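Okay, so here's the structure we're looking at.
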């Protein structure tokens, strides 16, 4: 999960959920800004690992704004209004890593930020160029899947229903994968 998270929202309920969620799990801290201009300034100044941006702010989530967030090295998760998933898809098209719909489920937000931070890490690593290529060792999709299953199960204390929900698969599929990978969590 990201060490330092910036939350850009005027919605106090969203800010409270995000601050409680990320302050409890990280040592890097949580920052909050109430508008887009201040959010972009904080992003450039504080260099957070991830930015949770409220898509309902008057400042539109566009390519130029996302590019400024990404230039700081931060991962971007956009929170969209309930029923406005098309706004989330547009955010992905202009460069955001993830989106979550309101009302925000804390588990879904945590998973989205973790996935976005990982994607940003890989993006930055690729941008480092050929000097870093020797350190890269590809792994199989099965190994990556097994690792994600282990992470989800640990995160939820072994609760298979919640882990399956975070992974976007059915509980039965998760149980079959646990058996196939011989996981004993």
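The values are calculated or read from the model by the stated rules, or taken from the named source; none is laboratory data. Predicted model, so just to flag it, every value in this text is computed and none were measured. Note: ideal-geometry Cβ built from the backbone for every residue, glycine included; neighbour counts use all protein chains shown.
Would you be able to tell me the number of residues in the stretch 71-92 that are under 13 Å from the mean Cα position of the chain (by Cα), under 13 Å from residue 39 (Cα atoms) and at pLDDT below 90? The number of residues fulfilling the criteria is 1.
Scanning the stretch 150-162 for residues that are part of a helix (DSSP H, G or I) and modelled with pLDDT under 90 yields 150, 151, 152, 153, 154, 155. Flag set for residue 172, criterion: loosely packed, with under 11 Cβ neighbours inside 10 Å, modelled with pLDDT of 90 or more and not assigned by TED's automatic domain parsing to the domain that holds residue 13. For residue 13, the test of being in a helix (DSSP H, G or I) and closer than 24 Å to residue 121 by Cβ is failed.
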